[in-house]
Amino acid sequence: MGQPSETLPLELPFPEQSRVITSVRSGENDYVLLIEVHNPFVNARSWYSSRLRTLGWYPWKADENHSGRRPFLDSRFCHSQGHNRLEFYYLQPFSTLTLTFSELSATTTLIKSELIFSGGFSNLIQDDLGTDLSYFPPLPELVPSPNTSVKLQTSGGSDKDWQSEAIVQIQTDSFVVLEDYNKQLIQLGWIQVSGQGREPLLWSIWHLTDHKNQEWQLVLSLALHETQSTLYLAHLWLTEINYFDEFISIPSEKPKDTINSVPEDIFWRLYSSNLSSFAENEQLWSGECPAEISIGLCFPEQAQLLGSFINPEYDQITLYLNASIPHDELHQELAAQLTELGWIEWDPFRYLTERGFEASQKGTLIETRFFHPESQLQAGISAYQISRNRTDLRVSWTLSSNVDSVHRYENINEDKQVSALLLNLSCPEKTKIVQKRVSGKISGEITSIVHIKTSLPFASLCSHYQGELQQTGWQLKGVDKDESYYLSLWFYADQQRQLWQAHLYILKRDNKRDQYIGFLKLKIIG
């Protein structure tokens, strides 16, 4: 592999079987390199897109449908017009990198790399960057094997947890397709920790340490469709391993580091030098709530009001408080007050939170939404635990009714009936379950992720949850397990003849002898 003739101010990655043809320094801080890579165009492009994010680079003005948001690539999409160029920026020291890809042959790609090194730290506002920094975990971009096509893909999550699914049509050996994906992950620096496979479920598990020394775990699977022999559901789940610790109850009085007391949306506007970012009718009070606006709540003496904010865009007021009270007690007290005032506990996802894994205790964040049938207003309580007896609290409510919310409330009983299929897996004995996240669509899918701490043997824990699914009529189609990992594939046909698919994973946490991650995904597939 060739090297640039000039010493670059930032280390850039070079794939295997590549060489630097030439490098030119233009001016004091501009560098141009021509790189020849012995890889097809799509592979070379996906390697750089994935590897740069792992090293701390962010896509510039990212395309919502691409740029690392959807890992299962369709080669036709990559070859389409406008996808021969990648633009990235680095925050400290601030630099920009532009890569332009040209196909020299079916197996060789020429890359023009333009690096502009600014140094220092940029004061660019997030809107100018055109992207949300929090939404770029180190997702890989995986190029499909020959005779393989991606039909449909969904993808979403946060900076700590991400899921992607794709319907993949495979006209060749599915083991070859998985092995091809595995080879690409190895080239990107991922380390395989486990992997087995037999039809109808093929899978592999990976670890990665990124530039911030964050530990990531990736689960990749291919699940055969129940009725169509060439269709597979490709599923990728990426999570920051130590992120789960944030959802375990805090055992001490020492407060956690938190910025939740700070109204972030307001803070960033104050931080900006562009004061015109405040809308004309937005109003902010420090340490008080406007007297003419009240929801009728009586806050305890231990609660300190930090401020209040009216957002005309959503016609909503939000109160920010900090209280020396356990978060579950504070949430329960305020919820009871709202109930006495005629509010009904309601959330479009309320019935989802009652499905999936049954939790034995609350996590560090408790959120509840309410609806008032007479005034047709909405309200919300968000209580975040920052120490055993200290809570960040946000209370918000709308100032006028919303037609969509009323319609949603009127159809809540129908949603409850539809969601009846979304089962609840009971908590086994000698086990503590902390719910991390439940998400999905009430009528079509659900994802439940939990932290598990247990004194049960791993085999007994897996047998318990497998039995829970079997008792509700789900059919086990494939299962693989070893001493640290359990992965299974399930199908269910409901009364409307809709076909459901479920993935159940139980994964042991590294260096945590009695701790596991539970993952359950239910989805209608036909």
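The values are calculated or read from the model by the stated rules, or taken from the named source; none is laboratory data. On a predicted model such as this, the values are computed, not experimentally measured, just so you know. All Cβ positions, even for glycine, are placed from backbone atoms using ideal geometry, and neighbour counts span all protein chains on display. Ligands, DNA and RNA are stripped out before the accessible areas are found, and what is left, the full protein with its side chains, is counted by its heavy atoms. Shrake-Rupley method; radii C 1.70, N 1.55, O 1.52, S 1.80 Å.
Across region 314-320, in residue order, what do the Karplus-derived ³J(HN,Hα) couplings come to in whole Hz, using 6.51 cos²θ - 1.76 cosθ + 1.60 with θ = phi - 60° and x for Gly and Pro?
Using θ = phi - 60°, the values come out as 9, 6, 9, 10, 10, 9, 10 Hz.
If R₀ is 22 angstrom, what is the calculated FRET efficiency for the pair L499 and T472, using the beta carbon separation as r and rounding to 0.05?
Approximately 0.90, to the nearest 0.05.
Under the rule of at least 5 residues apart or a separate chain, name every residue whose amide H is placed under 5 Å from the amide H of R509.
Result for R509 returns Q515, Y516, I517.
According to a simple spin-label model (label point 7 Å from Cα along Cα-to-Cβ), what is the distance in nm between H211 and L34?
2.8
Could you pull out the pairs from K151/K523; K481/K521; K430/K523; K151/K521; K151/K477; K112/K160 whose alpha carbons sit more than 26 Å apart here?
K430/K523; K112/K160
Which whole-number value in Å² is the accessible area per residue of region 423-524, probe 1.4 Å?
That works out to 42 Å² for each residue.
For labels at R513 and N147 in the simple 7 Å Cα→Cβ model, what's the distance in nm?
If labels sit at R513 and N147, their model points lie 5.0 nm apart.
Scan around L306 for amide H atoms under 5 Å from its own, H built in the peptide plane at 1.01 Å from N, and keep only partners 5 or more places away or cross-chain.
Correct list: Y320, L321, N322.
At 1.4 Å probe size, with the rest of the protein present, what percent of the exposed accessible area of region 423-524 is carbon and sulfur atoms?
Heavy-atom surface of region 423-524 belonging to carbon and sulfur, 1.4 Å probe: 41 percent.
For S324 and E103, calculate 0.36 nm times their separation in residues minus their Cα-Cα distance, and state this gained length in nm to one decimal.
Full-extension gain reported as 73.3 nm.
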